[in-house]
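The values are calculated or read from the model by the stated rules, or taken from the named source; none is laboratory data. Here the structure is a predicted model, which means the values were calculated and not measured. Ideal geometry is used to build each Cβ from the backbone, glycine not excepted, and the neighbour counts take in all protein chains shown. Keep in mind that these areas ignore ligands, DNA and RNA; they rest on the heavy atoms of the full protein, side chains included. Shrake-Rupley method; radii C 1.70, N 1.55, O 1.52, S 1.80 Å.
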Amino acid sequence: QVQLVESGGGLVQAGGSLRLSCAASGRTFSRNAMGWFRQAPGKGREFVATISDSGSTSYADAVKGRFTISRDNAKNTVYLQMNNLKPEDTAVYYCAVRRVGSIWYSPSGYDYWGQGTQVAVSS
C-alpha cells in the first residue's frame, strides 16, 4: 500500500521559514518525479514545485527564489524548504508522485497524494 505522509507545517510569522517533509512508503519513487502543491481556502489546488528523478527542479513564479525542493532517494523522502514566507503562502500543502510523461504543473499529472500539512503565515 502506497502512502505519502507530509509533515513540518505550522504557524509562522511573515518572513519566517518552514521545512516540509514528505515520506513515502509502500514502494520506492526514486525513478519518479515528485511535486508539491498547495490549496488555500476557497481556491483550487495549485502547483508549487517539482523535482525530477535526476534532480532537475521547476517552481511556480510565486515561490521562485524563496522555496527549494529537494529529495533524498535513500530515505524515499522529498522536502520543501520555504523561506521568506508571506501571508499569501497560507494553504494546505500536499506532496504527490508524478506519473511518468505527464504534465508537471497540473494536479492531473500526479498520483498518490498525501493528506496535506497546514501552513499558516501571519502578517
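List of remarks:
- The orientation-averaged projection of the convex hull spanning the C-alpha atoms of region 53-107 amounts to 4.5 square nanometres.
- Qualifying lysines (Cα of each under 19 Å from Cα of Lys64; at least 8 residues distant if same chain): Lys86
- Relative contact order [Cα under 8 Å, 6+ residues apart], region 75-114, whole percent: 34 percent
- With R₀ set to 30 Å, the beta-carbon distance separating Gln1 from Ser122 gives a calculated FRET efficiency near 0.20.
- For region 7-55 and region 59-104, distance of Cα centres in Å: 4 Å
- Translational diffusion of region 76-123, µm² s⁻¹ [Kirkwood Rh, Cα pairs; Stokes-Einstein; 10 °C; 1.306 mPa s]: 128 µm²/s
- Basic side chains Lys and Arg get +1 at the Cβ, acidic Asp and Glu get -1 at the Cβ, and with that the dipole of the chain about its Cα centre reaches some 140 debye.
- Accessible area of the chain divided out per residue, in Å², using a probe of 1.4 angstrom: 50 Å²
- Aspartates and glutamates whose Cα lies under 17 Å from that of Lys75, excluding same-chain neighbours fewer than 8 positions away: Glu6, Asp53
- Highest mean first, the peptides 63-73, 88-98, 32-42 sorted by other C-beta atoms within 10 Å per residue fall in the order 88-98, 32-42, 63-73.
- Note on Thr68 and Tyr105: the extension gain reaches 11.7 nm, defined as 0.36 nm multiplied by sequence separation minus the Cα-Cα distance.
- Share antiparallel - DSSP beta bridges, the chain, percent rounded to 5: 90 percent
- Convex hull volume of the Cα atoms of region 1-50, normalised per residue: 118 Å³.
- Our summary gives the chain a relative contact order of 36 percent, counting only alpha carbon pairs under 8 angstrom and 6 or more residues apart.
- Both numbers refer to the Cα atoms of the chain; Rg and Dmax are 13.3, 40 Å.
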